[in-house]
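Working notes, structure below.
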Amino acid sequence: MRGTTRPISLHRRLIIDLMRASRDVPFVSLSRSIAIGPLLDARAAAACPPGFAALFVKAFALVARDEPVLRTLYVKWPWPCFYELPRSVATVTIARVENGEDCVLPQRIAGPENMTLAEIDAMIRQGKEAPLGDVPMFRKIMRATRLPLPLRRFAWWVGLSFGRQRANWFGNFSVTSVAACGGGELLALSPGPFIINFDLVQPDQTIRLLIRWDHRVTDGAMIARTAIRLAQVLNGELAAELRAAGRGAADAGRNCTAAREKIAVPQAPER
């Protein structure tokens, strides 16, 4: 059959390189539904509720703060070893349309455990809405993708083989989802070591969570405990942060209203 030859776009070249870098990672998966009623109540009351990607980024980073294995990478150079990061670095998969073509790009968020939900959500929104050249991570990875094949292979090898560079390029966990497109479990690939995928919120206030991990780094019992801790953090610390932010916004609104009313009240003339 006679077909049409089309060139590979820069964005598809990035995905091809990413899949090549991910092909040897021995991923294992755990799927579990978690109840998030308190989080949903707090989020519904928030003036500017953050997206679920921001919630899962911060939740996993808070759990990883207390569990060093969740901040651990498997690296191959100068010899196979584990490389523990002092803080989490997340990558969030951002779906965009560039030049009429669907594409996905990784937005890097360093130290999300020390950021507010609003700050994390703003970085994710920047990745979705800002021009490519205005997002540092996008500029960096597209610059590498433009390299000729031999140099590109070398750049990826450096980024994957050394712990420090691996952290700078890929971090210790990724968050991805197709909830905005109707939901479903996504068996994503990445250089690892941890991938968090969340589905749609169900009517019973549960959400399906899929955790994929590099089996060289840890085992299923650790990930099962992580899923429990994620639910606790979402319904505890993060729900409390949303409620506090809501109270702060309400107090600020009342103060502004009181100030306007005070200015508007006519003063009695001095005798």
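Would you be able to say whether some residue in region 217-226 is within 15 Å of the chain's Cα centre (by Cα) and not in a strand (DSSP E or B)? No, every residue in region 217-226 fails to be within 15 Å of the chain's Cα centre (by Cα) and not in a strand (DSSP E or B).
Report, by residue number, each residue of region 89-121 that is over 14 Å from Val175 (Cα atoms) and free of Cβ contacts under 8 Å to residues at least 60 places away in the same chain. Matches in region 89-121: Arg96, Val97, Gly100, Asp102, Gly111, Glu113, Asn114, Met115, Glu119. Within the option set Leu85, Leu18, being more than 25 Å from Asp134 (Cα to Cα) and surrounded by 14 or more Cβ atoms within 10 Å (Cβ to Cβ) holds for one residue only, Leu85.
The set of residues in region 64-96 that are closer than 13 Å to Gly111 by Cα and touching an Asp or Glu at 6+ places or on another chain (Cβ under 9 Å) comprises Ala64, Arg65, Arg71, Arg87, Ser88.
Filtering region 155-188 to residues that are over 16 Å from Gly111 (Cα atoms), crowded, with 19+ Cβ neighbours inside 10 Å and of a type in the set (Ser, Thr, Tyr) leaves Thr176, Ser177.
Take the conditions (1) modelled with pLDDT under 95; (2) in contact with a Phe, Trp or Tyr (Cβ under 9 Å, 6 or more places away or on another chain); Ile195 misses just one of them, which is (1). Within region 8-52, if we keep just the residues that are assigned to a strand (DSSP E or B) and either touching an Asp or Glu at 6+ places or on another chain (Cβ under 7 Å) or of a type in the set (A, V, I, L, M, F, W, C) (or both), the residue that is farthest from Arg212 (Cα to Cα) turns out to be Ala35.
Total residues in region 206-216 satisfying the condition of being in a strand (DSSP E or B) and of a type outside the set (A, V, I, L, M, F, W, C): the figure is 4.
Let's see how each residue does on (1) at negative phi; (2) within 18 Å of the chain's Cα centre (by Cα); (3) among the aliphatic types (A, V, I, L, M):
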position: Thr5; (1), (2), (3): yes, no, no
position: Leu10; (1), (2), (3): yes, no, yes
position: Ala21; (1), (2), (3): yes, no, yes
position: Arg32; (1), (2), (3): yes, no, no
position: Pro38; (1), (2), (3): yes, no, no
position: Pro50; (1), (2), (3): yes, yes, no
position: Arg65; (1), (2), (3): yes, yes, no
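In summary, Pro203 fulfils each of the numbered conditions (1) free of Cβ contacts under 8 Å to residues at least 24 places away in the same chain; (2) closer than 19 Å to Val28 by Cα; (3) assigned to a loop (DSSP other than H, G, I, E, B); (4) not hydroxyl-bearing (Ser, Thr, Tyr) with the single exception of condition (2). When Asp102 is tested against the conditions (1) within 29 Å of Arg164 (Cβ to Cβ); (2) modelled with pLDDT under 95; (3) outside any helix (DSSP H, G or I), the lone failure is (1).
For region 105-125, a residue qualifies if it is assigned to a helix (DSSP H, G or I) and under 13 Å from the mean Cα position of the chain (by Cα), and the qualifying residues are Pro112, Glu113, Leu117, Glu119, Ile120, Asp121, Ala122, Met123, Ile124, Arg125. In summary, Arg87 fulfils each of the numbered conditions (1) assigned to a helix (DSSP H, G or I); (2) within 29 Å of Arg243 (Cβ to Cβ) with the single exception of condition (1). The conditions of being within 22 Å of Thr218 (Cα to Cα) and either assigned to a helix (DSSP H, G or I) or aromatic (Phe, Trp, Tyr) (or both) are not met by Trp156. Is at least one residue of region 68-82 modelled with pLDDT of 95 or more, of a type in the set (A, V, I, L, M), surrounded by 14 or more Cβ atoms within 10 Å (Cβ to Cβ) and in a helix (DSSP H, G or I)? Within region 68-82 (the criterion being modelled with pLDDT of 95 or more, of a type in the set (A, V, I, L, M), surrounded by 14 or more Cβ atoms within 10 Å (Cβ to Cβ) and in a helix (DSSP H, G or I)), the answer is yes, since at least one residue qualifies.
The values are calculated or read from the model by the stated rules, or taken from the named source; none is laboratory data. The shown structure was predicted, so the numbers you read here are calculated from the model rather than taken from an experiment. All Cβ positions, even for glycine, are placed from backbone atoms using ideal geometry, and neighbour counts span all protein chains on display.
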